Every structure is written in structure tokens, then in C-alpha cells.
């Protein structure tokens, strides 16, 4: 009897060991399937996340490039506008200086009579849109008496100004235009576009220029001489 019980105990032990082995294998297989499932899920998620990250980086790069290009374009536009203003100021100053050289007295009287005449601007006022910019010549005159006549000096300053010719627009900005053909001017910049000084000597009637000495000293300037500073 004892021998039969021993055989059954060994058989039971073998069955139990096999069952535990099968259970352990099933548990390992289940963990493997869980790992494979998580890995496949991660592989499905990560490519999409990487694409989003790359797209965001590309967007940041494009935004920075556009900002740099816009700054360069703005600088180029500003440089072009300054060059255009300087060229217009040179033309305007040359025209006024030529009139001054021809007759400084007449020019001074004309400026005193109407400093807002079209001749002092880069273009006629009626051709300028209200609210836009225009170049304006400002004249400062001085006269120095000399032994043989008068030395007329002119300081010519060209400013970039904003002109308002529309009454309603001027009223909205706090200005009043009483004259139907009047205008309001406002300087855009604190520094002038161009400045030049010139002089014109006018001899008195009946005077003759002094003869120069051997070394050329003491010669008085003749009528029509112009010096630029």
C-alpha cells in the first residue's frame, strides 16, 4: 500500500509542476503580448509627434526669416526715401540759390511777401495730396555793409514737412484753415534735409572796385561774385 501512495504522490507532483510551468509560460506570454502591444502603440504615436515637432521648428524658422526680410525691406525703403528727399532738396536749393545770385534784394522781398508761395516748395501745393510730405525751403537773410557796397548772405535750409490742405482733415487733427486756398505745415523730422550758405556782393552805384596790390591783397569783390559755405 505504501508503494502505491508514493507513486500517486509523484504523479501528483509532476502534474502540479507541469501546471505551474504552463501557468508561468502563459504569464510570460501575456507579458510579452502586453509589451508588444505597448511597443506597437508607441510606434504609432511617436511618428506623429515627431512630425508635429518638426513642423513647429520649421514654422519658427520661417517666422524668423520673414522678420529679418521685413526689416531689410524696411531699411531699404527708408534709404530710398532719404535718397529721393536729398535729391529733391538739392534741386530746390539750387533753384533758390540761382535766383538769389541773380538779384538778392528781389528774392528777399518775394520771400518776405509770401513765404508759402509755390516757388519755395519742391512742387505746387495744389498737386500735393493732403497729409503727404513735401520739401520746403526756409530762407534766412543777412546784409553786411562794406566800403564799396553790400554783402548779402543767405542761409538756405530745406525741410521735409507734412502738408494739410483739407479742412476737415485739419480740423480732426486740431488745426484751423481759414483761407480757402491755405494749408497747414508740420515738420516730420527735427533735422533738415539739406542746408547751404551763399553770399552775393552788390556794389554801390558809382563805386569802382579797388585795384589789387602786387600780391593780390586788398582787392574788393566785384558785383556778381558768389561764395558758398
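Quick check, is residue 171 surrounded by 11 or more Cβ atoms within 10 Å (Cβ to Cβ), under 34 Å from the mean Cα position of the chain (by Cα) and at pLDDT below 85? Show your work before the answer.
Details: surrounded by 11 or more Cβ atoms within 10 Å (Cβ to Cβ): yes; under 34 Å from the mean Cα position of the chain (by Cα): yes; at pLDDT below 85: yes.
Yes; evaluated as a whole, the condition is true for this residue.
Based on what the data block shows, is residue 131 on the phi > 0 side of the Ramachandran plot and in contact (Cβ under 8 Å) with a residue 12 or more places away in the chain?
Details: on the phi > 0 side of the Ramachandran plot: yes; in contact (Cβ under 8 Å) with a residue 12 or more places away in the chain: yes.
In short, yes.
When you go through 137, 142 one by one, which is the residue that is under 30 Å from residue 105 (Cβ atoms) and surrounded by fewer than 15 Cβ atoms within 10 Å (Cβ to Cβ)?
Checking each option against the conditions leaves just 142.
Any residue in region 184-193 that is modelled with pLDDT of 90 or more, surrounded by 14 or more Cβ atoms within 10 Å (Cβ to Cβ) and outside any loop (DSSP other than H, G, I, E, B)?
no
Does residue 210 qualify as being surrounded by 11 or more Cβ atoms within 10 Å (Cβ to Cβ), assigned to a loop (DSSP other than H, G, I, E, B) and either at pLDDT below 90 or over 33 Å from the mean Cα position of the chain (by Cα) (or both)?
So residue 210 fits the description; yes.
Considering only region 38-56, I want to know if a residue exists there that is in a helix (DSSP H, G or I), over 30 Å from residue 120 (Cα atoms) and at pLDDT 85 or above.
Taking region 38-56 and keeping what is in a helix (DSSP H, G or I), we get 38-56.
Now restrict to residues that are over 30 Å from residue 120 (Cα atoms): 38-56.
Retained after the next criterion (residues that are at pLDDT 85 or above): 56.
Among the residues of region 38-56, at least one is in a helix (DSSP H, G or I), over 30 Å from residue 120 (Cα atoms) and at pLDDT 85 or above, which makes the answer yes.
Output the qualifying pairs, or none if there are none: Cβ atoms under 8 angstrom, residues six or more apart or on different chains, first residue in region 61-89 and modelled with pLDDT of 85 or more, second residue exposed (fewer than 10 other Cβ atoms within 10 Å of the Cβ).
The qualifying pairs do not exist here.
Which count do you get for residues in region 127-177 that are assigned to a strand (DSSP E or B) and under 28 Å from residue 88 (Cβ atoms)?
Going through region 127-177, the residues assigned to a strand (DSSP E or B) turn out to be 133-145, 149-164.
Add one more test, that the residue is under 28 Å from residue 88 (Cβ atoms), and what stays is 133-142, 152-164.
Residues that pass the stated criteria total 23.
Taking residue 226 and the conditions (1) modelled with pLDDT of 50 or more; (2) closer than 30 Å to residue 134 by Cβ, which numbered condition does it fall short on, given that it satisfies the others?
Condition not satisfied by residue 226: (1).
Using the structure shown, decide if residue 202 is within 22 Å of residue 144 (Cβ to Cβ), at pLDDT 80 or above and surrounded by 15 or more Cβ atoms within 10 Å (Cβ to Cβ).
Values: within 22 Å of residue 144 (Cβ to Cβ): yes; at pLDDT 80 or above: yes; surrounded by 15 or more Cβ atoms within 10 Å (Cβ to Cβ): yes.
So residue 202 passes the test.
The values are calculated or read from the model by the stated rules, or taken from the named source; none is laboratory data. Just so you know, these numbers come straight off a predicted model, no measurement behind them. Backbone-built Cβ (ideal geometry, glycine too); neighbour counts: all protein chains shown.
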